[in-house]
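Accompanying notes for the structure given below.
The values are calculated or read from the model by the stated rules, or taken from the named source; none is laboratory data. Please read these numbers as outputs of a predicted model, since none were measured by experiment. Positions of Cβ are generated from backbone atoms using ideal geometry, with glycine treated the same way; all protein chains shown enter the neighbour counts.
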Amino acid sequence: MNRVREVEVVVVGAGQAGLSAAFHLRRTGFEPERGFVVLDRSPGPGGAWQFRWPSLTYGKVHGMNSLPGMELTGADPARPSAEVVSEYFAAYERAFGLRVRRPVEVRAVREGSGGRLLVETSAGTWATRALINATGTWDRPFWPRYPGQESFRGRQLHTAQYAGPREFAGQRVVVVGGGASGTQHLLEIAPYAAATTWVTRRPPVFREGPFDEDAGRAAVALVEERVRRGLPPRSVVSVTGLPLNDAVRRGIEDGTLDRRPLFERITPDGAEWSDGRRVAADVILWATGFRAALGHLAPLRLREPGGGIRVEGTRAVADPRIHLVGYGPSASTIGANRAGRAAVRDIRRLLAAGPEEAVAA
């Protein structure tokens, strides 16, 4: 029988939110391995950034914030963001001695004994008094389903599989999705493709001018209200709008970003709308976002009837031992930093109360 290792806190995920939480745990007196452990399923440092497509250079990244305690400075804007951020995260882990264990897959979190949670993984089991979940969304790409989708003779792929624009040379490409990834894909693919078509559920909202602190707070508040009600979170970006930069303006002017509403069905050679309009396609690229990767928490039955986990701050309302960072309002990089600090502050109070009070809280 495998030995169960005991720690005070388990952090699941070593992206921006997980590393921020680990930094604040270390800073407030928790020791790596004995006081806390960070488990990450990825092969190396960098969180989801390490999987971004090579043509997404650091200069194109929208809203990357440094981790607490160590600035990211002097990065070459022409380098792939995957390389820049992965190297930065690796240096951060070394600088603060965070000792991330990888690759480790967390398979399930269950109720243990003595008020502890059992974290079952590919590398054994940990018994912990609190858990900070920072698994993000990259592992759960969202694929919508439409009539006729299985009949399409061309290629379908998701943003998670996108490797760059050159592979679409000479092809007719339909990009589905109104977020930042969809517009980036279109602007990159258009010079290579024979034709592009942009399809979104809602008309895109472009934002001019700076995104100030008041606007940021208002956007986060909208996302926060959903998780308070136990509904699945929308991304912060979904309520901020798309930045209207020079590249986007050119895309609007030359027709690349001429949006069509969602089609009614997919045909073997393209897509068809309810009014009879058709478009021929070799590729459908689903830039339709991601969902929170929370399947390992299912044994704890935290989900509300609305489909989400009800959260106050970062704390799961149904179980105060569980904190979700990088979830809902803290899904942005700056939000993840703040959430890591807030989760550690609450966990310190929880652990100081003792196991009986923690379970009953």
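State yes or no: is Glu208 free of Cβ contacts under 8 Å to residues at least 24 places away in the same chain, of a type outside the set (Lys, Arg), surrounded by fewer than 14 Cβ atoms within 10 Å (Cβ to Cβ) and farther than 30 Å from Val12 by Cα? No: the conditions fail for Glu208. Just so you know, in the range 143-176 the residues that are on the phi > 0 side of the Ramachandran plot and modelled with pLDDT of 95 or more include one that is surrounded by the fewest Cβ atoms within 10 Å (Cβ to Cβ), and it is Gly170. Counting only residues that are over 30 Å from Pro243 (Cα atoms) and crowded, with 24+ Cβ neighbours inside 10 Å, the range 13-36 holds 3 of them. For Arg102, state whether it is within 28 Å of Arg315 (Cβ to Cβ), of a type in the set (Lys, Arg), touching a residue at least 24 places away in the same chain (Cβ under 8 Å) and buried (at least 19 other Cβ atoms within 10 Å of the Cβ). No.
Just the residues that are touching a Ser or Thr at 6+ places or on another chain (Cβ under 9 Å) and either modelled with pLDDT under 95 or not in a strand (DSSP E or B) (or both), please, taken from the range 93-115. Selection gives Arg102, Pro103, Val104, Glu105, Gly112. Per this entry, Thr128 is not counted among residues that are among the hydroxyl-bearing types (Ser, Thr, Tyr) and out of contact with any strand residue (DSSP E or B) (no Cβ under 8 Å at 6 or more places or on another chain).
Considered as a group, the residues in the range 235-288 that are among the small types (Gly, Ala, Ser) and under 26 Å from the mean Cα position of the chain (by Cα) include one that is modelled with the highest pLDDT, and that residue is Ala287. Hey, any hits in the range 294-307 for a residue that's crowded, with 20+ Cβ neighbours inside 10 Å, modelled with pLDDT under 90 and over 30 Å from Ala190 (Cβ atoms)? No - not one qualifying residue is present in the range 294-307.
The condition (being assigned to a loop (DSSP other than H, G, I, E, B) and under 27 Å from Ala293 (Cβ atoms)) is satisfied by just one residue among Gly182, Gly136, Gly170: Gly136.
Among residues of the range 1-47 being of a type in the set (S, T, N, Q) and in contact with a helix residue (DSSP H, G or I) (Cβ under 8 Å, 6 or more places away or on another chain), the one that is farthest from Arg345 (Cα to Cα) is Ser42.
Yes or no, residue by residue, for (1) free of Cβ contacts under 8 Å to residues at least 40 places away in the same chain; (2) of a type in the set (D, E, K, R):
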position	(1), (2)
Ala17	no, no
Ala22	no, no
Gln50	yes, no
Leu56	no, no
Arg79	yes, yes
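For every residue, the table says whether it meets (1) under 23 Å from Leu25 (Cβ atoms); (2) of a type in the set (S, T, N, Q); (3) under 24 Å from the mean Cα position of the chain (by Cα); (4) assigned by TED's automatic domain parsing to the domain that holds Gly326.
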{"site": "Ala90", "(1), (2), (3), (4)": "yes, no, yes, yes"}
{"site": "Glu93", "(1), (2), (3), (4)": "yes, no, yes, yes"}
{"site": "Gly97", "(1), (2), (3), (4)": "yes, no, no, yes"}
{"site": "Glu105", "(1), (2), (3), (4)": "yes, no, yes, yes"}
{"site": "Gly114", "(1), (2), (3), (4)": "yes, no, no, yes"}
{"site": "Val119", "(1), (2), (3), (4)": "yes, no, yes, yes"}
{"site": "Ile132", "(1), (2), (3), (4)": "yes, no, yes, yes"}
{"site": "Gly154", "(1), (2), (3), (4)": "no, no, no, no"}
